[in-house]
Amino acid sequence: MAAFLVQARHVFYALSFPLHRVRGGLAKTYSTFALTDEAYALTSTEQSRGWSGPRILWLQFFLHLYWAGSAAAGALLGSLVPDGVTGLDFALTALFVVLALDALRDLRGDLPTPLLALLCALAARLLFPHQLLLAAFALFTSGLLVRRLADVRKPAHA
């Protein structure tokens, strides 16, 4: 269940990913397949709003190549790393921290999302310490849905 929820983030990525700028069925299919955290982070910034479909596709292609190449290199070279090396298990966590910090710098008045995530993590830690990840994701998803429903129901200001 935790793995499903972690991977379900791609559903939310797809909602705001600029797929409308990518032309052609094959290109859209590849763009959807090649959607990574890094591609999403780079294409959801204010600076990338003017990027063309080909630029987005090339970015995704090189990121995909990077992921596949580094995974293959890691599989081949991973056995050469001595057992006593510490800190490598933190590399992916550090990547997500950096992506989160970049997203925080690029906020467009949406401070409640990181705050909501923090509150959900704290609530899950207190209420469900043995199911922390699953509970935090469920609470966060519920919070986002409630916030979205509240935004939809707000009357538009003229």
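Here, each number is a calculation from the coordinates, and none is a lab measurement. Treat the numbers as computed from the prediction; the structure is a model and nothing was measured. For neighbour counting, all protein chains shown are included, and Cβ atoms are generated from backbone atoms with ideal geometry for every residue, glycine included.
Enumerate the residues in the stretch 133-150 having an amide nitrogen under 18 Å from the point lying 7 Å beyond the Cα of Thr113 toward its Cβ. Taking a point 7 Å out along Cα→Cβ of Thr113, the residues of the stretch 133-150 whose backbone N falls under 18 Å are 137-150.
How big is D for the stretch 2-91, in µm² s⁻¹ as a whole number, if Stokes-Einstein is applied with the Kirkwood radius of its Cα pairs at 20 °C and 1.002 mPa s? Walk me through the numbers before you get to the answer.
On the way: Rh = 15.0 Å.
This corresponds to a translational diffusion coefficient of 143 µm²/s.
Couplings for the stretch 81-86, taken from phi via the Karplus curve 6.51 cos²θ - 1.76 cosθ + 1.60 with θ = phi - 60°, read 7, x, 5, x, 6, 10 Hz in order; Gly and Pro are left as x.
Nearest 0.05, what FRET efficiency do Ala91 and Val6 give at R0 = 25 Å with Cβ-Cβ as r? List each step's numbers first, then the result.
Numbers: r = 17 Å, r/R0 = 0.66.
That pair, Ala91 with Val6, gives E of 0.90.
Each principal axis of the Cα cloud of the stretch 19-158 was evaluated for its coordinate range; sorted largest first, these ranges are 61, 47, 26 Å.
Counting 0.36 nm for each residue step from Ala71 to Arg153 and taking away their Cα separation leaves a gain of 25.0 nm.
Count Lys and Arg as plus one, Asp and Glu as minus one, and take only other residues whose Cβ is under 11 Å from that of Arg21; the net charge is then +4.
By how many nm would the segment from Asp106 to Ala14 grow when fully extended, if each residue of separation counts as 0.36 nm and the alpha-carbon distance is taken off?
Values: separation 92, 0.36 × 92 = 33.12 nm, distance 1.89 nm.
Extra length available between Asp106 and Ala14 comes to 31.2 nm.
Summed over qualifying helices (DSSP H, 4 residues or more, each -39500 (n - 2.57)) and divided by its residue number, the chain shows a 222 nm mean residue ellipticity of -22000 deg cm²/dmol.
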